[in-house]
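Okay, so here's the structure we're looking at.
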């Protein structure tokens, strides 16, 4: 089922997600719906907050992106990113392992708003998968950027919080318009 993606101005986007203690059939249905929603909107990542659930859950699939490479290491060995997708991260923990690099980002909760964001180029990730099994990997490039963007959502952090002051000022009219439209929808 395709779910509604909440937009900037919805309070749930600023909520820190609660930890998931058990993988249930209902959680797996939500995961399936999140993948369906993400693909229908041509996204490459979707956090639970973006569909109105303040929990530590995100789904990712970067296989359709060919102009921005991703790297993946499993147990210290290079691995094929495509074989690791689609990716479910439950209760993810990240550790930056490289210097920051600037790169373009957008967000399904901020339609038509894009900016360069500085993030570590590589991160180590520990999480549970959709079966509740522990997974650990190191990723770089686009995959690292998406993992960090989505994990920020799980903490109530939005990509506008990572923008430079100058960029945020340039986008201020668009951000205010989106927030006002969202809030007027909430009141109805």
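Cut-off is 10 Å between beta-carbons; in what order do 30, 72, 46 appear when sorted fewest neighbours first?
Ranking 30, 72, 46 by Cβ neighbours within 10 Å, fewest first, gives 30, 72, 46.
Please identify, among 102, 70, 122, the residue showing maximal mean-square fluctuation in a Gaussian network model of the chain using a 10 angstrom Cα cutoff.
Maximum fluctuation in the GNM of the chain, among the listed residues, is at 102.
With a/c under 1.5 counting as rounded, go ahead and sort the range 1-66 into rounded, prolate or oblate using the C-alpha gyration tensor (a ≥ b ≥ c being the square roots of the eigenvalues; past the cut-off, prolate if a/b is larger than b/c, else oblate).
Cα axes put the range 1-66 in the oblate bin.
Considering the Cα positions of the chain, please state its Rg to one decimal place and its Dmax as a whole number of Å.
Calculated on Cα positions, Rg and Dmax stand at 16.1, 53 Å.
Does the range 112-188 come out rounded, prolate or oblate by the C-alpha gyration tensor, with a ≥ b ≥ c the root eigenvalues, rounded set by a/c under 1.5 and, if not, prolate when a/b is larger than b/c and oblate if not?
oblate
Give me 182, 24, 37 ranked fewest to most by other Cβ atoms within 10 Å of their Cβ, as a rough exposure proxy.
So the residues, fewest neighbours to most, are 24, 182, 37.
Taking the number of other C-beta atoms within 10 Å as the exposure measure, put 187, 126 in order starting with the fewest.
So the ranking, lowest neighbour count to highest, is 187, 126.
Among 45, 141, 76, which one moves the most in a GNM of the chain with springs linking Cα atoms closer than 10 Å?
Fluctuation is largest for 76.
Report relative contact order for the range 36-188 in percent, whole number only (criteria: Cα-Cα under 8 Å, sequence separation at least 6).
Numbers: 251 pairs, mean separation 35.7, N = 153.
Contact order relative to length: 23 percent.
Identify which of 155, 49, 169 has the largest mean-square fluctuation in a Gaussian network model of the chain, with springs joining Cα atoms closer than 10 Å.
Taking springs between Cα atoms under 10 Å, the residue moving most is 169.
None of the figures in this text is laboratory data; all of them are computed from the coordinates on show. As the structure is a computational prediction, the values presented were derived from the model and not from experiment. Reconstructed Cβ throughout: ideal geometry from the backbone, glycine too, with neighbour counts over all protein chains shown.
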